[in-house]
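The values are calculated or read from the model by the stated rules, or taken from the named source; none is laboratory data. The shown structure was predicted, so the numbers you read here are calculated from the model rather than taken from an experiment. Ideal geometry is used to build each Cβ from the backbone, glycine not excepted, and the neighbour counts take in all protein chains shown.
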Amino acid sequence: MSQEMIIVLDFGGQYNQLIARRVRECHVYAEVHPYTLPIEKIREMNPKGIIFTGGPNSVYDEESPHYTEEICRLGIPILGICYGSQLMAWMEGGSVETAPVSEYGHTEVTIDEPSDILFRGVSGKTVVWMSHTDYIARIPEGFRITAHTKDCPAAAMSCPERSLYAVQFHPEVMHTREGQMMLRNFVYNICGCSGDWKMGSFVEDSIKKLREKIGNGRVLCALSGGVDSSVAAVLLSKAVGRQLTCVFVDHGLLRKNEGDEVEAVFGPNGHYELNFIRVNAQQRYYDKLAGVTEPEQKRKIIGEEFIRIFEEEARKIGAVDYLVQGTIYPDVIESGLGKSAVIKSHHNVGGLPDVVDFKEIIEPLRMLFKDEVRKAGLELGIPEYLVFRQPFPGPGLGVRIVGDITAEKVRIVQDADAIFREEIAKAGLDRGLGQYFAALTNMRSVGVMGDFRTYDYAVVLRAVNTTDFMTADAAQLPWEVMAKVTNRIVNEVNGVNRCLWDLTSKPPATIELE
Ligand code: XMP
């Protein structure tokens, strides 16, 4: 089991998980913990190093997040970043003030102490990413300034004798050109890590820890077939085998053949040792959704029905100790970890049952970014087509059919979407796109087929590129691909006589139609 760990203490900055991720890219395991993590817990965890993150506050505000000064006396190397650097200066007796000039964005920094271990191999002048309104006005006794910028006299400081280092800028963001080298210097040359961690170790460690934690307990997992819940399920199945039951609800709003594909992987003839329950609830959903046109109401019905089905299945299974969720970092709203109190499921991420009580919710992937989850999935031997699946919303095709939902419309959108995906894959574009899908408008228009008039639906095709799914731009697809997809859909999908391409960005549109 990998022993080397860096604790990233979260003071509320926006790049905190990115710091952990950059450390993991150095093959050293890193975890983000809230700044409220007690010092005894830190001692127990015995990290090789600690990183204080940035944060939006001013250290001199009473309300701002602080930490006990004892942390700097543990003898564990610490790197303070942005707010974290100011916190270190302040805790150690220096002073922090509002800077006369705030720095934001690309900024040139001059390294004053090239022999400082943190800057080993870094250019004498280098570009960093700054984002601060306060600065260290006076460094603490025993420290020295190791870098400055035009407007920030203490852009970095250190006290090597005590292994305390601080940088006002953000080494974790890509805009800091030599940031990764600084982080490498910290973890290898200051903390003395050997860098023996890899995703395989994460998988092994997680399996071992899950086994220890769960013992003989029973575990339930809501499996959607998406990459996150699939990776979580496989991890659990490797840890506790048949103590795990996966419930897969086929709500009749999945992509074409998706239900069977999920069953082929996870079902009785699949690759894993686990109990798999497929609930074929298609008709039940279509009945509930009949005539409903309002998007929010549709979403609500789909979500609630899922919960009811999940509850029914959980009741059949009997006492369940743990519920597994495939929550990954971008889904995590607050970073409170390791709370072992009894959790009622409805306190957690929306869409969980109200009446089923679990001892605890297990979220084995909550530290990881999507691409790290995919790496873990590959390590676990999950088929590539599942691992590299594009995101698919929980309400499924329900939010891709404008207006009321019928089995016939689901069939149309499934067929059109399958053609679109097939052509995108054939053109080798699938891994380069954020999301791409077919949706069904509620519009019918006149066409001509052979000698006959048609009055059929229009399909919308949408492909977007996005990094965070908060904003998105229409992807520029090759014209031949667009023409081929359009032709195939109007020729092969019954009930469609027109294809429309949605080139709207988000905002003002959203990615999904509803
Ligand atoms: P929008 O349409 O809001 O979508 O721009 C942003 C991203 O979120 C996905 N999405 C959902 N995912 N449950 C999910 O798990 C949902 O209810 C849901 N609604 C939208 C959408 O596919 C896109 O990736």
**OP:** From the list H27, H66, H106, pick out the single residue that is touching a residue at least 12 places away in the same chain (Cβ under 8 Å) and part of a strand (DSSP E or B).
**Re:** H106
Original post:
Would you pick out the residues in segment 2-20 that are at pLDDT 90 or above and not aliphatic (A, V, I, L, M)?
Top reply: E4, D10, F11, G12
Subject >> Cβ pairs under 8 Å, 6+ apart, first in segment 415-443 and closer than 22 Å to D473 by Cβ and among the basic types (K, R), second part of a helix (DSSP H, G or I) and within 16 Å of the ligand (Cβ to nearest atom) >> reply: R421/D430
Original post:
Would a scan of segment 395-412 turn up a residue that is within 23 Å of T467 (Cβ to Cβ) and touching a Phe, Trp or Tyr at 6+ places or on another chain (Cβ under 8 Å)?
Top reply: yes
**OP:** Keeping to segment 286-325, report how many residues are touching a Gly at 6+ places or on another chain (Cβ under 6 Å) and within 16 Å of the ligand (Cβ to nearest atom).
**Re:** 3
Subject >> Criterion violated by T441 - all others in (1) within 15 Å of the ligand (Cβ to nearest atom); (2) polar (S, T, N, Q); (3) in contact with a Leu (Cβ under 8 Å, 6 or more places away or on another chain) satisfied >> reply: (1)
Original post:
Would segment 236-245 turn up any residue that is surrounded by fewer than 17 Cβ atoms within 10 Å (Cβ to Cβ) and either touching a strand residue (DSSP E or B) at 6+ places or on another chain (Cβ under 9 Å) or in a helix (DSSP H, G or I) (or both)?
Top reply: yes
**OP:** Look through D357, D287 and report the one residue that is more than 28 Å from V387 (Cα to Cα), outside the structural domain of G13 (by TED's automatic domain parsing), modelled with pLDDT under 95 and not hydroxyl-bearing (S, T, Y).
**Re:** D357
Subject >> Condition check for R242: closer than 21 Å to I307 by Cα, of a type in the set (K, R) and more than 22 Å from the chain's Cα centre (by Cα) >> reply: no
Original post:
So which residues in segment 496-510 are more than 21 Å from E423 (Cβ to Cβ) and either among the charged types (D, E, K, R) or away from the ligand (no atom under 16 Å from the Cβ) (or both)?
Top reply: K506
Original post:
Under the condition of being of a type in the set (S, T, N, Q) and closer than 18 Å to A416 by Cβ, which residue from segment 457-495 is nearest to the ligand (Cβ to nearest atom)?
Top reply: T486
